[in-house]
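Shown next, in structure tokens, is the structure this report addresses.
The values are calculated or read from the model by the stated rules, or taken from the named source; none is laboratory data. Predicted model, so just to flag it, every value in this text is computed and none were measured. Neighbour counts are summed over all protein chains in view; Cβ atoms, including those assigned to glycine, are modelled from backbone coordinates with ideal geometry. Note: areas computed on protein heavy atoms with side chains; ligands, DNA, RNA excluded. Shrake-Rupley method; radii C 1.70, N 1.55, O 1.52, S 1.80 Å.
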Amino acid sequence: MMLPGWPGGLAVDGLSAVLLATLAVVLVAVLVHAAGEKFGARFYVLMLVFAAAMAVTVTAADLVLLLMGWEVMGAMSYALIGYLWPDAERVRSADVAFLTTRAADLGLYMAAGFAVAGAHSLRLDDLAAAEAPWRDLVAAGVVVSALGKSAQLPFSFWLSRAMAGPSPVSALLHSATMVAAGAYLLLRLHPLLAATGWADTLVSWVGALTALVLGAVALAQRDLKQLLAASTCAQIGFMVLAAGLGSVAGGTAHLVAHAAVKSLLFLCAGVWLSVLGTQRLGELRGAARRHRPVGAAFGAGALALAGVPPLSLWATKDEVLADAGGGLLAVGLAASVLSAAYAAKALLAVFRPAEGGAFRVPLLESVPLAVLALGAVVLGIPALAGAWGRVLGVPEKSDVRVAALSGVLAVVTVAAVAGVRRVPEPAWAVNWLWSERVALAVAVRPVFALARALARFDDQVVDGAVRGIVRGGRWAAGLTGRRVELRVDGLVDAVGRSARWLAALARRPQTGQVHMYYAQAAVVLAVLVLVALLAG
Amino acid sequence: MNENPADLAPELCVLIAAVLGLAGGLFLPRRRQWQVAVVCAAGLVAGLAAAGVAATRADLMAFDAFAVDPVTHVTRITVLGSTLAVVALARGQVRDHPRETEHYVLILLSALGTVVLGATSDLLVLVAAYLLASIPAYALAGFGKDAPGTEAALKYYLMGALLGVLMLAGVTLLSGIGRGTAYPVLRVGLADAPQAAVAAGVVALLAGLLFKAGAVPGHFWVPDVAEGAPPAIAAYVTTVPKIGAFAALYRFGAETLPDAWPALLAVVAAATMTLGNLAAFGQDNVRRLLAYSTVSQAGYLLVPVAMAGRTDLAQPAVLYYVAAYAVTNLGAFAVVVATGRDDLAEYAGLLRGSPLVGLSLVVCLLGFIGTPPTAVFVGKVLMFGAALDGHYAWLAVVAAVNTAASVFYYLRWIVPLFRRPSVPSPPARGASAVAVTAALCSLALGIGSGIALS
């Protein structure tokens, strides 16, 4: 319990347990892989704190602890993306990523405040029971911050910037932490979304559209890591769609399988980057053939990403789409076609025959690849077997027709891409829809303009008023000093002078001569008789 | 008629101590005359104890002329306590003097006269008490047989003689037109007597009492005696006789209620406090400064006296102020006796040289101003309350202006205390103890005023 009188704390249930296990496995795999790359102590410290923050986030039972984990995770992502800080461009990328997620985080703070007002509780379980206007405000805050963290539209551009970090960072950040946190939060708070009546629909459509649009963006990329980043957005889109549809089992399954696939792909990209010095798809030609184990692992991961049956993401995606209907199903299927296309594009690029000798990869770096590749291949089985629903304690549904359709579509798409050997690269998608520029124009510049205007207001009006008061005070002081002070001073002097004069006068009767004392006493007594007569 | 001599036990204690001391002193060698001081002090302590016991009993009238009431209780305790302090101060000054015994005995007899002055409610006893209080004091003023002391004694005596004669004339006049000398008789008799005769009689009577109180126009002796007489005697004559005089003034005003009393006394009070304060401004001799300060304090004290019978606040104001004044004045004079310095400039650095004595002086001088938590502060509050309650707001304003003005000359004395010491000379031990005790009493009376007043 963080705050006295506000129940909460850390708790592990089915969803938390699944995420903790995923986090642990991916973290170990990434760290073992990173051990081959000789990072410094700072890297491991930051990575461990990053993972610990994620662990707090997924086990928090109240908004205060959740916010603590959430914030620490954001700060660590900043430190890790800008890990190579001497490069100013990387630090700038870290700034963009951090400020974007941080801006969205404000939603969670507002949600906490509204929860106190509306539900009189900070427990995540109690949020759905909040009173009517507050419940909607809490849901809005949660949705904004989760979409920001998960790089969904319109916040997706920060994930492109996040590629500035080392590959192990990308492998962890794109799989079991950070972006997964947003999806996790939406899955966790599905009852709240459902209770509002609008948030679940909104979240479903945002997820589906992100899967579609960012799929196109991924398709247009010529840089392997950028392609993988956009595909992360798209795949998280499926999880967000699942959260909106209430398919908690499907979303969780997709999250776990995607964590294995994406960390595998990023680690492979990292291997090629460190050996070949490039991540351009054109220059990676034949990279998979030059070291067969890494190539095979990448191939398995990319096929899983493409949704080819019977690999993991095919099964989990089917479970998500099984709950969708109508427009959402159509958009989801289109998005899965796009994912098959961009996965095939990456596959094609690295498997295209090319000259160049084999290279060596340290054992430490390749063992985790094998483990993750195994996961990427087999993690669909629990989904097919209906295991997720039993672990999470929620109903699980799958639709054979949808599964068959998406499997066929994926195979056909991959085959088509392999056949025509080139894919359309929509120009609008190459630069991530210019969404960073849009954000600059819509959010950043107005904020700066407002800040400048306020600074001018502060300088000229507020500060000016203060300075004006000071000037007025000095003027009044001068006036008082010249006109009034002299007179008051003169008055005081006059009082003093007259007091001294009176004092001298008062000593005059004390002549020291008794006959004068007698005379004075007699006169005073006579006067007193007069006073007595007049008063009586 | 109540003629129980036990009702006069405190006075009898003092009288017996004086007679025993005088008789014993005749047979004691010069070096052992200190025993007389012990006898006198024992008499005073016994008198204090008797007065304390009497204060717990009901009010009564003894011998048809001696009222035993709160005014008398306070007069007795204040006079006897102050006299004890004066005996302690005098002890260091007249040690092994050829007339040491006479010195103590004269002090005791004068104190006895003062107590009777404050306690009597009969004009004839008042005259007798006036003479008993005054004549030993004349002798004491000239006790040193030096030029300033002799001059002081002569001036004191001559002023006392003139104003005493006027007082006798006033008593004669009042007893004639009032058909009696007891106050209750006078109250009835004066009510339908001719106004002019009453006015003349009251003013003539006042002449003697104002002489004892050191108020205008009987104040002329105060600075000369305070400067010329031995310091311990200066402390005595500016403190003890005044206590009886104010008690007597208050009693006469409250019990006979002459028509012109408030206006007459208000004028005297205003004149006294103003004259005393103004004349104190330029003094460089601390004893003259204290003398004028006592004149101004007499002015403040006359304010509740003027309100006698007009407000219930008058009696506590007179009694509290008179006790506070006695303690404070004795403390200030005790410092003068202890240091033996008369010039204001010689007090530079006293706080560093002898911190306790310096601090006592600061407490007493701030007390004169009426700074909380000293005793005079409470007295002044009651005094202002009495003036406002008696619808004499102008008098309260005059008193307030005078209080503000008085800060000047008291600070003139306080400021040098903080300077660098000039010539270190250790203060006399006995007088220092009296000064410290007086300062502590002033603080105790100020802080414990709630208990004392209830």
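Annotations for the structure displayed:
- Computed from the Kirkwood radius of its Cα pairs, the Stokes-Einstein diffusion coefficient for the protein assembly as shown at 4 °C and 1.567 mPa s stands at 35 µm²/s.
- Kirkwood hydrodynamic radius (C-alpha pairs) into Stokes-Einstein, chain A, 20 °C and 1.002 mPa s, D in µm²/s: 81 µm²/s
- Accessible area per residue, Å², segment B:260-454 with all protein chains present, probe 1.4 Å: 34 Å²
- A probe of 1.4 angstrom, applied to the heavy atoms of all protein chains, finds residue A:436 with accessible area near 50 square angstrom.
- Pairwise burial A:B, computed as accessible area of each alone minus the pair, summed, 1.4 Å, Å²: 2300 Å²
- Residue A:486-residue B:185 pseudo-label distance in nm [points 7 Å out on the Cα-to-Cβ vector]: 7.3 nm
- Residues residue B:161 and residue B:53, FRET efficiency given R0 of 35 Å [Cβ-Cβ distance, rounded to 0.05]: 0.35
- Computed on protein heavy atoms with a 1.4 Å probe, the accessible areas place B:12, A:153, A:265 in the order B:12, A:153, A:265, largest first.
- On the principal axes of its alpha carbon atoms, segment B:296-454 extends 53, 30, 20 Å, with the longest extent given first.
- Heavy-atom SASA rank of B:97, A:120 (probe 1.4 Å, accessible area, largest first): A:120, B:97
- Estimated dipole of chain B in Debye, rounded to 20 [Cβ of Lys and Arg +1, of Asp and Glu -1, Cα centre]: 1160 debye
- Chain A, relative contact order [Cα under 8 Å, separation at least 6], %: 14 percent
- Ellipsoid fit via the Cα gyration tensor, segment A:53-147: semi-axes of 30, 14, 7 Å, each the root of five times an eigenvalue, largest first.
- Each residue of segment B:243-253 was assigned a 3J(HN,Hα) from its phi angle through the Karplus expression (A = 6.51, B = -1.76, C = 1.60, θ = phi - 60°), giving 4, x, 5, 5, 4, 5, 4, 4, 5, 4, x Hz with x at Gly and Pro.
- FRET efficiency estimate (nearest 0.05) - Cβ-Cβ, residue A:131 to residue A:283, R0 60 angstrom: 0.55
- Centre separation in Å (Cα based) which lies between segment A:8-46 and segment A:461-511: 77 Å
- Formal net charge of residues neighbouring residue A:398 (Cβ-Cβ distance under 12 Å; K, R +1; D, E -1): -2
- Rounded Å value of the spacing that divides the Cα centres of segment A:366-404 and segment B:349-428: 96 Å
- Whole-percent carbon and sulfur share, accessible surface of chain B, 1.4 Å: 69 percent
- Cross-link reach is defined here as a Cα-Cα straight distance under 21 Å, omitting same-chain residues fewer than 8 places apart; for residue B:155 the lysines meeting it are B:145, B:212, B:242.
- The amide H of residue B:68, built 1.01 Å from its N in the peptide plane, has B:60, B:61, B:62 as neighbours under 5 Å, considering only residues 5 or more places off or on other chains.
- In this structure, the amide hydrogen of residue A:62, modeled 1.01 Å from its nitrogen in the peptide plane, lies closer than 5 angstrom to those of A:9, A:124, counting only residues at least 5 positions away or on a different chain.
- For chain A, the longest principal axis of the alpha carbon atoms and the long axis of helix A:312-321 meet at an angle near 70°.
- An oblate overall shape is assigned to chain B, the ratio a/c of its alpha-carbon gyration tensor axes (a ≥ b ≥ c) being 1.5 or greater and a/b not exceeding b/c.
- Measuring nothing but how far apart in sequence close Cα pairs (under 8 Å, 6+ apart) lie, relative to its length, segment A:75-221 scores a relative contact order of 25 percent.
- Against the criterion of solvent-accessible heavy-atom surface with a 1.4 angstrom probe, A:289, B:31, B:91, B:76 sort, most first, into B:31, A:289, B:91, B:76.
- By the helix-only formula, in which each DSSP H run with n ≥ 4 contributes -39500 (n - 2.57) and the sum is divided by residues, the protein assembly as shown has a 222 nm mean residue ellipticity of -25000 deg cm²/dmol.
- Summing charges over all other residues whose Cβ lies under 9 Å from the Cβ of residue A:235, with Lys and Arg as +1 and Asp and Glu as -1, gives +2.
- Shielding by other protein chains, B:204-211, mean Cβ within 10 Å: 2
- Pairs with C-alpha atoms separated by more than 24 Å, drawn from the list A:262/A:317; A:225/A:345; A:38/A:225; A:149/A:262; A:38/A:149, are A:38/A:149.
- FRET efficiency for residue B:31 and residue B:343, using Cβ-Cβ distance with R0 set to 30 Å, rounded to 0.05: 0.35
- Counting, for every residue in A:516-527, the Cβ atoms of other protein chains within 10 Å of its Cβ and taking the mean gives 5.
- Computed with a 1.4 Å probe over protein heavy atoms only, the accessible area of residue A:438 comes to about 80 Å².
- Computed over segment B:4-117, relative contact order equals 38 percent, with contacts defined as Cα pairs under 8 Å that lie 6+ residues apart.
- In a reduced charge model with +1 at each Lys and Arg Cβ and -1 at each Asp and Glu Cβ, segment A:14-430 shows a dipole moment near 1300 debye about its Cα centre.
- For segment B:52-58, the Karplus equation 6.51 cos²θ - 1.76 cosθ + 1.60, evaluated at θ = phi - 60°, returns couplings of x, 5, 4, 5, 7, 9, 6 Hz by residue, with Gly and Pro reported as x.
- In the assembled protein chains, residue A:491 presents an accessible area of approximately 110 Å² (probe radius 1.4 Å).
- Shape of segment A:385-487, Cα gyration tensor, a/c cut at 1.5: oblate
- Prolate/oblate/rounded call for segment A:445-527, Cα gyration tensor, a/c under 1.5 rounded: prolate
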